[in-house]
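Written out below as structure tokens is the structure these notes cover.
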Amino acid sequence: MLRITAEPVAQGLPLPQIMTPGAAAADLRAALEAPVTLEPGQFGMVSTGLRLEIPLGFEGQVRPRSGLAAKNGVTLLNSPGTIDSDYRGVVQVILMNHGPLPFTIQHGDRIAQLVVAPVSRVRYELADELNDSARGDGGFGHTGVK
């Protein structure tokens with residue numbers, strides 16, 4: 001099992017938790033001094049109150065929580081957000097309210113999920129042209145919807 005070292009910088013919050021044996025992600029919580037309300041169409045940076053030490057060769061992927069999106073229209077503006085293994089600052093989450101109503105975030109609310117995944121080390125090489133593929137440059141719905 002991979003171990004992630006976490007340094008809480010906010011009081012009264014548990015470490016990220018994987019809630020069920022089959023879950024891929026750990027829940028991240030809001031670390032707030034006062035409630036924050038996002039109006040419809042508004043986004044804001046919300047602290048998790050955690051600094052993480054992710055091992056070299058891995059990254060943290062901050063993802064939306066499906067319940068927040070389905071019930072309230074609240075999701076992550078940059079999804080997934082990336083936490084590099086050499087980043088040591090406090091993890092922040094950029095939440096966006098796509099819903100029709102104001103949404104209030106309280107200290108300790110579960111606001112996002114964290115997946116830790118391996119990173120492929122790659123080297124990019126310059127080429128005069130690329131090999132052909134069956135797809136070519138087709139994108140943005142080129143295969144249709146049915």
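When you scan segment 90-146 for strands (runs of 3 or more DSSP E) that lie fully inside it, which ones turn up with 3 or more residues that are free of Cβ contacts under 8 Å to residues at least 60 places away in the same chain and under 30 Å from residue 39 (Cβ atoms)?
Fully inside segment 90-146 and qualifying: 90-97.
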For segment 57-78, pairs from a residue that is hydrophobic (A, V, I, L, M, F, W, C) to a residue that is part of a helix (DSSP H, G or I), with Cβ under 6 Å and 6 or more apart or across chains, are 74/68
Residues that are within 27 Å of residue 57 (Cβ to Cβ), surrounded by 10 or more Cβ atoms within 10 Å (Cβ to Cβ) and of a type outside the set (S, T, N, Q): does segment 125-144 have at least one? no
Could you list, in sequence order, all residues of segment 82-94 that are within 9 Å of the chain's Cα centre (by Cα) and not polar (S, T, N, Q)? 83, 93, 94
Give the residues of segment 1-39 that are farther than 14 Å from residue 106 by Cβ, β-branched (Val, Ile, Thr) and either assigned to a strand (DSSP E or B) or over 15 Å from the mean Cα position of the chain (by Cα) (or both), sorted by residue number. 4, 5, 9, 20
Residues satisfying the stated conditions in segment 22-39, i.e. surrounded by 12 or more Cβ atoms within 10 Å (Cβ to Cβ) and without any contact (Cβ under 8 Å) to a residue 12 or more places away in the chain: 23
Any hit, segment 46-64, residues being small (Gly, Ala, Ser), assigned to a loop (DSSP other than H, G, I, E, B) and at pLDDT below 95: no
For residue 79, indicate whether it is within 17 Å of the chain's Cα centre (by Cα), at pLDDT below 95 and part of a loop (DSSP other than H, G, I, E, B). yes
Which residue is surrounded by the fewest Cβ atoms within 10 Å (Cβ to Cβ), if the candidates are limited to segment 40-76 and must be over 13 Å from the mean Cα position of the chain (by Cα) and under 25 Å from residue 120 (Cβ atoms)? 56
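The values are calculated or read from the model by the stated rules, or taken from the named source; none is laboratory data. Keep in mind the model is a prediction, meaning the values are calculated, not measured. Using ideal geometry, Cβ is built from the backbone for each residue, glycine included, and neighbour counts are taken over all protein chains shown.
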